[in-house]
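S.K.: Quick one: the structure is below, questions incoming.
The values are calculated or read from the model by the stated rules, or taken from the named source; none is laboratory data. Nothing here was measured: the structure is a model prediction, and the numbers come from that model. Backbone-built Cβ (ideal geometry, glycine too); neighbour counts: all protein chains shown. Areas reflect the complete protein model, heavy atoms only, side chains present, ligands, DNA and RNA absent. Shrake-Rupley method; radii C 1.70, N 1.55, O 1.52, S 1.80 Å.
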4 protein chains.
Amino acid sequence: MKKPKTSRSFASDNNAGVHADVLKAIAAANDGHVVAYGDDPYTARAVKLFREHVGKDAEVYFVFGGTGANVLGLKAGTEAHNAIICAQTAHINVDECGAPEKFTGCKLLPINSPDGKIRVDQIKPLLHEVGFEHHVQPRVISVSQATEMGTVYTPRELLALGKFAHDNDMLLHVDGARIANAAASLKVKLKDITKDAGVDILSFGGAKNGMMYGEAVVFFDRSLAKNFKYTRKQGTHLPSKMRFISAQFEALLSNNLWRQNALHANAMAQLLAGELKKIPQIKITQKVESNGVFAIVPQKYVALLQKHYFFYVWNEEISEVRFMTSFDTTEEDISAFVALVRKTVK
Amino acid sequence: MKKPKTSRSFASDNNAGVHADVLKAIAAANDGHVVAYGDDPYTARAVKLFREHVGKDAEVYFVFGGTGANVLGLKAGTEAHNAIICAQTAHINVDECGAPEKFTGCKLLPINSPDGKIRVDQIKPLLHEVGFEHHVQPRVISVSQATEMGTVYTPRELLALGKFAHDNDMLLHVDGARIANAAASLKVKLKDITKDAGVDILSFGGAKNGMMYGEAVVFFDRSLAKNFKYTRKQGTHLPSKMRFISAQFEALLSNNLWRQNALHANAMAQLLAGELKKIPQIKITQKVESNGVFAIVPQKYVALLQKHYFFYVWNEEISEVRFMTSFDTTEEDISAFVALVRKTVK
Amino acid sequence: MKKPKTSRSFASDNNAGVHADVLKAIAAANDGHVVAYGDDPYTARAVKLFREHVGKDAEVYFVFGGTGANVLGLKAGTEAHNAIICAQTAHINVDECGAPEKFTGCKLLPINSPDGKIRVDQIKPLLHEVGFEHHVQPRVISVSQATEMGTVYTPRELLALGKFAHDNDMLLHVDGARIANAAASLKVKLKDITKDAGVDILSFGGAKNGMMYGEAVVFFDRSLAKNFKYTRKQGTHLPSKMRFISAQFEALLSNNLWRQNALHANAMAQLLAGELKKIPQIKITQKVESNGVFAIVPQKYVALLQKHYFFYVWNEEISEVRFMTSFDTTEEDISAFVALVRKTVK
Amino acid sequence: MKKPKTSRSFASDNNAGVHADVLKAIAAANDGHVVAYGDDPYTARAVKLFREHVGKDAEVYFVFGGTGANVLGLKAGTEAHNAIICAQTAHINVDECGAPEKFTGCKLLPINSPDGKIRVDQIKPLLHEVGFEHHVQPRVISVSQATEMGTVYTPRELLALGKFAHDNDMLLHVDGARIANAAASLKVKLKDITKDAGVDILSFGGAKNGMMYGEAVVFFDRSLAKNFKYTRKQGTHLPSKMRFISAQFEALLSNNLWRQNALHANAMAQLLAGELKKIPQIKITQKVESNGVFAIVPQKYVALLQKHYFFYVWNEEISEVRFMTSFDTTEEDISAFVALVRKTVK
């Protein structure tokens, strides 16, 4: 490869860099001194912007990264004897090296889910043991939006989960590492799939949508945020030079940048999936509703393709792979890759 | 104040922004896709540079922030029944909201220390209970270099602590949030006050010396790093777009930038202290060995000064305040501030 | 019921009281002063007896209860980023209110197991992610002997699990709350299904086999016990008047009492199962290999029977119930209960 | 020594055995089957008796041991970012191997206290940092009653601490391992130094006052007990054969046995102290208000005495030793020991 440095892979949306507007905002924020730890005008403005998007009563806290956002948000809603219900495929269940258990003390109760989504009917049996002290007590339903399988919960599906949660003295948590992709896919506002859908706690992702670092923990039930400033600090996620996260969020939430980035990534996934569908040796395995494409690619081709493009095998047994697109994926990236696939399988 | 945004306060070295060379390195790293989580050329180069500074066998891991670096480094060296010995004034003891206890399970055993430094003779009595299961078992001596009181351990002092630690089956941990200031002050190499002084675990600070975010956990005893990649991930401190931390460290550790920044901040502290000493109403309370100046300022003046400059009262009882300088403090900042002080106390 | 106080239920083997010989040993130990916390002759003798049964190199520590024994034993073999593999039905997974996660920080990886036993082939797929820092790292295989479903691992089955564990840098842990029942059922020595079967860590149960309270954590790999005295104390399981636990174990491990109690309970389970099998409306669902009998009893009969005898419904969906026998169950208890069942289903 | 087995030492009140009435109650409880885990008539009666002593609204939970009682009670009143204020000498601070930190995640803030008691004036400075997220947030004042130094808080002193706690959104916790000795010493009811003194959480000790094992966690603020049944189980302190703890408490709280035992132990301490005071080489160092006597015994005599009697050196630097009396100490024990002391120092 001539220019490997600038080539765009399909491995992950966090293999991409930073959107130009975000980088510009960082540079602009590098102006003199401001008080550290968030008591600065950048942070005040970014929080205000968040509230315009998700509701004026939301409590918004910035943290360094996504696993931190999930773990600290879950901690705010649980006690150690609680259980957190999630999909088997959830990032909190398989990709965080046990961080939720270590920091919250809770057990995760994973639900088998081929498409990454969970339904009320699957949760009900887990409540049989409520009230018996020998068993962990379910307290949070955690869903990923978009899911790790590229699928998206509709507002109606979230509402059903939220209602069920609240009817059973539980909370609805959303791991929104890709919530922008979900909102773009659904053509709804962020508020429609958070506050108005009954969500109590949200991890709002920045890094997978064009930011350098920084995520937000957003509480729609303000009582949950009562002691969160201490939880964030004790949880090692209070950034000293906070303004540089805040400035990024300000850029992302202004001028519809968050939606443009997500729409573009989603469109590239549709383009890729559409082209791959035309290749008979390849079988798309999940609905393409955000920026991920899951497909069965015969094993003999996988290694050949990986010589040129880095991507992950998701399920070795059936040779299912994952292709992720990002805000900076181009149509040329897609056509070059598809051409390679066509050549390879011929 | 006409331009409050760009005024430089003396509140904290993390109220400063980012050094221009560091910002430039970040922008340069925003070039195409690289593998996430540290498997990228920026990180490889930054680790190599670290080893040139602190020794070729060092194991180097980047994390988001300083509290995270301390807590995860300490976790790598302890079991939950251990105790960590530190100064009463240590950041881990008073400024991390109990993060070390929460994450390691250990008790901290603070030692009273007016100058922020601890000595072997103060540690010995804490070993009386070694071997008795009713008591926590001391395992780590943790020192801050430079200390929170602006003082600095000499290599000889560190060596004595390191030897005592190793003679008693303990480890020496350094919270090096300001290790650059210490090395600059002592006119030594980083290796002289880390590996060659018997240090086992080091938190190497970036943010207080011109970086935007990012710290390093450095292990000189490689066996301690055996499982650290898991501890870092479970500890929520594995940055996805790692390259942007690595690029900053590459800039900081190149062209002597780390030392230039620290020398400058230290020099500004000397200048400030020298001027304040001339004012009879003010009494410098600590040796000025790095970038902090501690001084008793009569209470009636403190509020007047704080109208113009943000800084912290360290000890209300004696009206002791702390002034911190940073890489971007200018001689004009100092003379303007000193002029205000002179005018105020007149 | 005329004498409900003395009636023997089939709810659980810990609804029984204390064997007369154990009670006698407690009374005999109530003689003057001895040093607290285990430095007493009763404890020395009990540990010696344990070693005669399970091997002279075993490290033996007494604790208050079974959940404590499991949790502390598992803690001794793990770090927080590890995973513990067990059956879905394991006591550590469903009956300890998340105590293992809370105290060890580890994730449990449950394996579906209709008969309560797990096999090497089920464990293999869980090792796919070894070495990747995003995922918890399997470190312990934990099995219950006898299982919660009343089944028993043969020495050969344990050997296979132990070998697989050790081949993969893992440990074999046995929750032996009913290990006496297993050994009695298999007609083997305790050593045959512990040390000689490759077991590394054992919870040895007393309370379900005629003791009042007290369990033992036994290490066959002595290096795992290195810091266990601290873990036990920090884990709140160092009994002050230790001699009263030790005296009970001395009684249990003398004169074959442990085996007599277990043989009797097992025989009563066989008797009960044999009689129930003759009743066509009832279907035994698990092999009866220790002191538990699992059976499908039509739902309409369950409530009628529970008016007279307390027992647990195990699986509501299929109306499967559990009957446990204990060291003090009599043939009269069985025949009275079976007569009631016959009358009820008629 | 002819009968070392039955000799009574002065090392600790838990070197004693079990009071005859308690042992009798245990034996009487060994009658047939009852439901495990506390749903039995013994436990119902014991809880009722507790309420007669400390107030009808108290929530009472039995656990295995004293460290467990302290740790779980403190957990019920705290979140991980809180701090627990206590005396430097507190059992939770020096004798529990860091169990409170491990289980609650909280930091302990010890206060220097020569007599084992803490005062409101010492606590006030620790509240300077309330509201700042960098610092742990004080939430519990924990006192030992009687203290580890043998002294006792008066009801008025407790009231002052309780009022201060509640005025500052904090709780008052009492480690009552020797609360019976305190009540006996003060000639008050248990209610006078618990509920009526503003105590929120109490560890009520049994083992040091004639029980075999078993302590109680008592909540006077019922909201704190809301989830305690889960905390107890997850904290590994739900005894399966609960009735045997309950039966002991029933005996202890009946017929004034708890007070008789405590009065006797206290009287023996007074007798011992009175005799030792007459020996000029020995200096009593603490007020003798419960069942402990602290005295400086010249070092050369300590070893000689320890040949015959086991007791602990409390402070090696000044050769201060501790003598504890218990419910079964006799006047003959005292006179024999004093005779030996007299002989030794001659």
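S.K.: What residue, among those in region C:114-130 that are hydrophobic (A, V, I, L, M, F, W, C) and outside any helix (DSSP H, G or I), is least open to solvent (accessible area, probe 1.4 Å)?
M.R.: Restricting to residues being hydrophobic (A, V, I, L, M, F, W, C) and outside any helix (DSSP H, G or I), the top hit is C:118.
S.K.: A follow-up question, please. What pairs come up if the first residue lies in region D:185-213 and is closer than 30 Å to residue C:243 by Cβ, the second is assigned to a loop (DSSP other than H, G, I, E, B) and acidic (Asp, Glu), and their beta carbons are under 6 Å apart, counting only those six or more places apart or on different chains?
M.R.: Between residues of region D:185-213 that are closer than 30 Å to residue C:243 by Cβ and residues that are assigned to a loop (DSSP other than H, G, I, E, B) and acidic (Asp, Glu), the close pairs are D:185/D:289; D:208/D:13.
S.K.: Given the criterion touching a helix residue (DSSP H, G or I) at 6+ places or on another chain (Cβ under 7 Å), assigned to a loop (DSSP other than H, G, I, E, B) and touching a residue at least 24 places away in the same chain (Cβ under 8 Å), identify the matching residue among C:133, C:148.
M.R.: Testing whether each residue is touching a helix residue (DSSP H, G or I) at 6+ places or on another chain (Cβ under 7 Å), assigned to a loop (DSSP other than H, G, I, E, B) and touching a residue at least 24 places away in the same chain (Cβ under 8 Å) leaves just C:148.
S.K.: Kindly evaluate residue C:337 against the criterion of being touching a Gly at 6+ places or on another chain (Cβ under 9 Å) and aromatic (Phe, Trp, Tyr).
M.R.: In short, no.
S.K.: Got at least one residue in region A:45-64 being facing another protein chain (nearest Cβ under 8 Å), in contact (Cβ under 8 Å) with a residue 24 or more places away in the chain, at negative phi and part of a helix (DSSP H, G or I)?
M.R.: no
S.K.: Check residue B:83 against each of (1) aliphatic (A, V, I, L, M); (2) open to solvent by less than 40 Å² (accessible area, probe 1.4 Å); (3) within 14 Å of chain A (Cβ to nearest Cβ); (4) not in a loop (DSSP other than H, G, I, E, B) and name the one condition it does not meet.
M.R.: Residue B:83 satisfies every listed condition except (3).
S.K.: Look through D:75, D:107, D:117 and report the one residue that is touching a residue at least 12 places away in the same chain (Cβ under 8 Å) and either in the same structural domain as residue D:262 (by TED's automatic domain parsing) or under 20 Å from residue D:292 (Cα atoms) (or both).
M.R.: Sole residue among the options that is touching a residue at least 12 places away in the same chain (Cβ under 8 Å) and either in the same structural domain as residue D:262 (by TED's automatic domain parsing) or under 20 Å from residue D:292 (Cα atoms) (or both): D:117.
S.K.: Condition first: assigned to a helix (DSSP H, G or I), in contact with a Leu (Cβ under 9 Å, 6 or more places away or on another chain) and free of Cβ contacts under 8 Å to residues at least 40 places away in the same chain. Now tell me which residues in region B:151-162 satisfy that.
M.R.: Residue satisfying the conditions is B:162 alone.
S.K.: Quick one: how many residues across region B:236-251 are among the aromatic types (Phe, Trp, Tyr) and either within 11 Å of chain A (Cβ to nearest Cβ) or within 25 Å of residue C:135 (Cβ to Cβ) (or both)?
M.R.: Selection size over region B:236-251: 1.
S.K.: A further question on this structure: From C:80, C:27, C:58, C:69, which residue is of a type in the set (A, V, I, L, M, F, W, C), more than 20 Å from residue C:223 (Cα to Cα), modelled with pLDDT of 95 or more and not assigned by TED's automatic domain parsing to the domain that holds residue C:292?
M.R.: C:27
S.K.: What is the number of the single condition among (1) touching a helix residue (DSSP H, G or I) at 6+ places or on another chain (Cβ under 8 Å); (2) surrounded by 24 or more Cβ atoms within 10 Å (Cβ to Cβ) that residue C:91 does not meet?
M.R.: In the conditions (1) touching a helix residue (DSSP H, G or I) at 6+ places or on another chain (Cβ under 8 Å); (2) surrounded by 24 or more Cβ atoms within 10 Å (Cβ to Cβ), residue C:91 misses (2) alone.
S.K.: Could you pull out the residue among A:41, A:114 that is of a type outside the set (A, V, I, L, M) and over 17 Å from residue A:145 (Cα atoms)?
M.R.: Every option except A:41 fails the conditions.
S.K.: Now for a separate question. Run residue C:229 past the list (1) in the same structural domain as residue C:69 (by TED's automatic domain parsing); (2) without any contact (Cβ under 8 Å) to a residue 40 or more places away in the chain and report the number of the one that doesn't hold.
M.R.: Going through the list (1) in the same structural domain as residue C:69 (by TED's automatic domain parsing); (2) without any contact (Cβ under 8 Å) to a residue 40 or more places away in the chain, residue C:229 breaks only (2).
S.K.: Separate question: May I ask you to verify whether residue D:179 is more than 30 Å from residue C:32 (Cα to Cα) and in the same structural domain as residue D:50 (by TED's automatic domain parsing)?
M.R.: no
S.K.: Identify all residues within region B:220-232 that are within 14 Å of chain C (Cβ to nearest Cβ) and either surrounded by fewer than 24 Cβ atoms within 10 Å (Cβ to Cβ) or within 18 Å of the chain's Cα centre (by Cα) (or both); write none if there are none.
M.R.: B:223, B:224, B:225, B:226, B:227, B:228, B:229, B:230
S.K.: Scanning region A:321-342 for residues that are surrounded by fewer than 18 Cβ atoms within 10 Å (Cβ to Cβ) and not aliphatic (A, V, I, L, M), which turns out nearest to the other protein chains (Cβ to nearest Cβ)?
M.R.: Per the stated criteria, the residue is A:330.
S.K.: Has region B:102-109 got at least one residue that is out of contact with any His (no Cβ under 8 Å at 6 or more places or on another chain), more than 8 Å from every other protein chain (Cβ to nearest Cβ), modelled with pLDDT of 95 or more and not in a loop (DSSP other than H, G, I, E, B)?
M.R.: Yes, region B:102-109 has at least one match.
S.K.: Same structure again: In region B:266-287, which residue that is out of contact with any Gly (no Cβ under 9 Å at 6 or more places or on another chain) and crowded, with 24+ Cβ neighbours inside 10 Å is nearest to residue B:191 (Cα to Cα)?
M.R.: Result: B:266.
Here's the yes/no breakdown for (1) assigned by TED's automatic domain parsing to the domain that holds residue A:43; (2) of a type in the set (Ser, Thr, Tyr):
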residue	(1), (2)
A:242	yes, no
A:275	no, no
A:286	no, no
A:308	no, no
A:326	no, yes
A:331	no, no
A:335	no, yes
A:341	no, no
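S.K.: Something else about it: Residue A:67 passes all but one of (1) in contact (Cβ under 8 Å) with a residue 40 or more places away in the chain; (2) out of contact with any strand residue (DSSP E or B) (no Cβ under 7 Å at 6 or more places or on another chain); (3) under 13 Å from residue B:235 (Cβ atoms); which number fails?
M.R.: (1)
S.K.: Among C:69, C:80, C:58, which is the only one that is among the hydrophobic types (A, V, I, L, M, F, W, C), over 30 Å from residue D:40 (Cα atoms) and under 24 Å from the mean Cα position of the chain (by Cα)?
M.R.: Exactly one residue qualifies, and that residue is C:58.
S.K.: If you check residue C:263 against the conditions, is it within 14 Å of chain B (Cβ to nearest Cβ), open to solvent by 10 Å² or more (accessible area, probe 1.4 Å) and in contact with a helix residue (DSSP H, G or I) (Cβ under 7 Å, 6 or more places away or on another chain)?
M.R.: No: the conditions fail for residue C:263.
S.K.: Select from region D:155-182 the residues that are within 19 Å of the chain's Cα centre (by Cα) and among the acidic types (Asp, Glu) and write down the one among them that is most open to solvent (accessible area, probe 1.4 Å).
M.R.: If we take residues in region D:155-182 being within 19 Å of the chain's Cα centre (by Cα) and among the acidic types (Asp, Glu), then D:157 is most open to solvent (accessible area, probe 1.4 Å).
S.K.: Specify the residue that is nearest to the other protein chains (Cβ to nearest Cβ); the eligible residues are those in region C:65-80 that are under 17 Å from residue B:79 (Cβ atoms) and of a type in the set (Val, Ile, Thr).
M.R.: Ranking the candidates gives C:71 first.
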